[in-house]
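Trainee: Structure below; questions to follow.
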Amino acid sequence: MDGAAATFDAHRPDLLRIAYRMLGTMSDAEDVVQEAFLRWAEKDRAVVQVPAAFLRRIVTRLCLDHLKSARVRREVYSGPWLPEPVVEEEPTEDVTLPLLLALERLSPLERAAFILHDVFGESFEDISVSLGRDVAACRQLASRARSNVRMDRPRYPIDRQHGMQIAAAFFEASRGEGVAHLGALLAEDVRFHSDGGGRRPAAARVLEGASEVLRAHAAIARLRHGPSELVRYAFINGLPGFVTREADGMLQTTALLIEDGLIRAVYVMRNPDKLGHLSASIH
């Protein structure tokens, strides 16, 4: 068992990355990876020639099974859905938050083929074994997925310092009297996503356009019972943003999609069910 655990732990970070990008929820990804370990521990490992490929295959299949029930749950979700925030010091450019949302439009098989090939560089021969489809079918799945998410892939990486400067300006401008200066930061066609999951107040739909977003922020500022406390600036799912503790004592993350120096989308996570892993790491 010690040998099994050591081999598995060497691959655990990549397995967790695959599962999170497939499922969009860190807690579900961790459950899948743990189930994969149990299956690995029971396997006759002497017959496994390439452990990494074998483990990716297990995780992929477990994710596909999970997505069948997850899709039903998403259909009754309260308000806009966002993936669980992953907060990091440096940007992760392979799968940013807009791309994670775009992956939600794909079928589970399309999502798996795209993630395994375009993000993790697996061959279509290996993917065909994981998905139980022939190589040609897997190529077609990845091609369809690529066409559907092309516009949501980052056009170019944002400079870290510039991204943090805009995040700081947005934080200051969206609080209190600073709301009046918020418009200068927003693109005219900005979109505002907020996920409360029915657990905390949030917009019931995606807000579109600078004027609507500004009205919403002005209303929030009037209703706020106390100041937000900045916890840290960071990259959230690959986008510049920040973590705050709100007046009700709950954590919140805000991520910003920035293009040509303007904010084109705002993603606010308020659902406490998706912030539990973050709460545990912040004291």
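The values are calculated or read from the model by the stated rules, or taken from the named source; none is laboratory data. Since the structure is predicted, the reported quantities are computational estimates derived from the model, not experimental observations. Positions of Cβ are generated from backbone atoms using ideal geometry, with glycine treated the same way; all protein chains shown enter the neighbour counts.
Trainee: For Ala169, all conditions in the list (1) in contact with a strand residue (DSSP E or B) (Cβ under 9 Å, 6 or more places away or on another chain); (2) at pLDDT 90 or above; (3) surrounded by 15 or more Cβ atoms within 10 Å (Cβ to Cβ) hold save one; what is the number of the exception?
Mentor: Tallying (1) in contact with a strand residue (DSSP E or B) (Cβ under 9 Å, 6 or more places away or on another chain); (2) at pLDDT 90 or above; (3) surrounded by 15 or more Cβ atoms within 10 Å (Cβ to Cβ), Ala169 fails exactly one: (1).
Trainee: Quick check on this structure: which one of Ala218, Ala203 is closer than 16 Å to Phe171 by Cα and modelled with pLDDT under 90?
Mentor: Within the list Ala218, Ala203, the selection yields Ala218.
Trainee: Go through segment 244-283 and report how many residues are among the aliphatic types (A, V, I, L, M) and more than 18 Å from His162 (Cα to Cα).
Mentor: The total comes to 9.
Trainee: Related question: Tell me which residues, restricted to segment 176-199, are in contact with a helix residue (DSSP H, G or I) (Cβ under 7 Å, 6 or more places away or on another chain) and assigned to a loop (DSSP other than H, G, I, E, B).
Mentor: Matches in segment 176-199: Gly197, Arg199.
Trainee: To continue, here is another question. May I ask you to list the residues in segment 121-154 that are in contact (Cβ under 8 Å) with a residue 40 or more places away in the chain, buried (at least 16 other Cβ atoms within 10 Å of the Cβ) and not in a helix (DSSP H, G or I)?
Mentor: Glu122, Pro154
Trainee: Output the strands (runs of 3 or more DSSP E) that fall wholly within segment 230-283 and possess 3 or more residues being crowded, with 21+ Cβ neighbours inside 10 Å and without any contact (Cβ under 8 Å) to a residue 12 or more places away in the chain, or say none.
Mentor: Result: empty, no element qualifies.
Trainee: Could you tell me whether segment 115-132 includes any residue that is touching a Ser or Thr at 6+ places or on another chain (Cβ under 9 Å) and either within 25 Å of Ala265 (Cα to Cα) or assigned by TED's automatic domain parsing to the domain that holds Ala167 (or both)?
Mentor: Checked against the condition, which is being touching a Ser or Thr at 6+ places or on another chain (Cβ under 9 Å) and either within 25 Å of Ala265 (Cα to Cα) or assigned by TED's automatic domain parsing to the domain that holds Ala167 (or both), segment 115-132 yields at least one hit.
Trainee: Given the structure, is Ala102 modelled with pLDDT under 90 and crowded, with 20+ Cβ neighbours inside 10 Å?
Mentor: yes
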